[in-house]
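Heads up: the structure comes next, in structure tokens.
The values are calculated or read from the model by the stated rules, or taken from the named source; none is laboratory data. None of these values were measured; they are calculated from a predicted model. All Cβ positions, glycine included, derive from the backbone under ideal geometry; neighbour counts span all protein chains shown.
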Amino acid sequence: MAEGTSFPGRVAVMGVPVDPWTMAQTVAKTKELIGSDSFAHLIGVNADKVLQMRDDPEMDAIVRRCEIVNADGASMVMAARRLGVSVPERVAGIDLMGELCALAENEGYRVFLLGAKREIVERTRDVLLGNYPELPIAGVRDGYFGEDEFDAVADEVRASGAQITFVGITSPKKERLIERFRELGLKGAYVGVGGSFDVVSGAIPRAPIWMQRAHLEWLFRMMQEPGRLAKRYVVGNARFMALLRKEEKRMKGASR
């Protein structure tokens, strides 16, 4: 995995680039990028993403190209503090989605919802319109398509005139799709939100507030989908902590 960062003000946590921003700063930067008619890939990094970057050079390169890299997981905020790196707070993808919908409603930005099953993404649209009645929805599309259809999906998003596109697809397909949008010259903000559509739509409950505050949202998610997530969280978290301890030892040795 490559070291360092390439964007001004960006810090490195275990070699992974992170923008040390609050939620408000992230929203403000997104607004700035949309206003400049540029392309912006917003990604959240957590323990699982760190491991993906170590195992997949393509994912590592994609994350480093992203215009905004947030500490999505509490694991990243914890790791930053243990390593003496300033990361003010967790910016969870599902919460960022809500804040950007509020921004879109206020500014008149058109929003596209891309991902999940058709009934899930349509229900997500309905819930968002209930929460943000003036939100301009440019379009919705499910996430069931192959990489050979990426260009057709890009044409649909471009034709919609969307300025913010939420992409609720699993990795690494999600990141590859957004980078294909970049290659094709699309404009606007593209926000990877993983399984957020399932939660917003009500298909899967979100962890209680106390579990979120206790940094146990991962445990709640694993309890909801043990078959799919047990290996990711049990094995993945153990590997992440081993890497963190190794990095702590390296930094202590370098400071002597």
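Worth pointing out:
- Qualifying residue in the stretch 171-186 (condition: hydroxyl-bearing (Ser, Thr, Tyr) and closer than 21 Å to Asn106 by Cα): no
- Picking from residues in the stretch 133-172 that are assigned to a helix (DSSP H, G or I) and among the small types (Gly, Ala, Ser), the one that is farthest from Gly195 (Cα to Cα) is Ala159.
- Total residues in the stretch 173-230 satisfying the condition of being part of a helix (DSSP H, G or I), modelled with pLDDT of 95 or more and charged (D, E, K, R): the figure is 9.
Condition check ((1) out of contact with any helix residue (DSSP H, G or I) (no Cβ under 6 Å at 6 or more places or on another chain); (2) free of Cβ contacts under 8 Å to residues at least 24 places away in the same chain; (3) loosely packed, with under 15 Cβ neighbours inside 10 Å) across all residues:
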residue	(1), (2), (3)
Ala152	yes, yes, yes
Val157	yes, no, no
Ala207	no, yes, no
Trp210	yes, yes, yes
Arg228	yes, yes, yes
Val234	yes, yes, yes
Lys246	yes, yes, yes
Arg250	yes, yes, yes
Gly253	yes, yes, yes
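- In the stretch 160-172, the residues that are touching a residue at least 60 places away in the same chain (Cβ under 8 Å) form Cβ pairs under 7 Å with partners that are crowded, with 24+ Cβ neighbours inside 10 Å and in a loop (DSSP other than H, G, I, E, B), at six or more places apart or across chains, as follows: Phe166/Val193.
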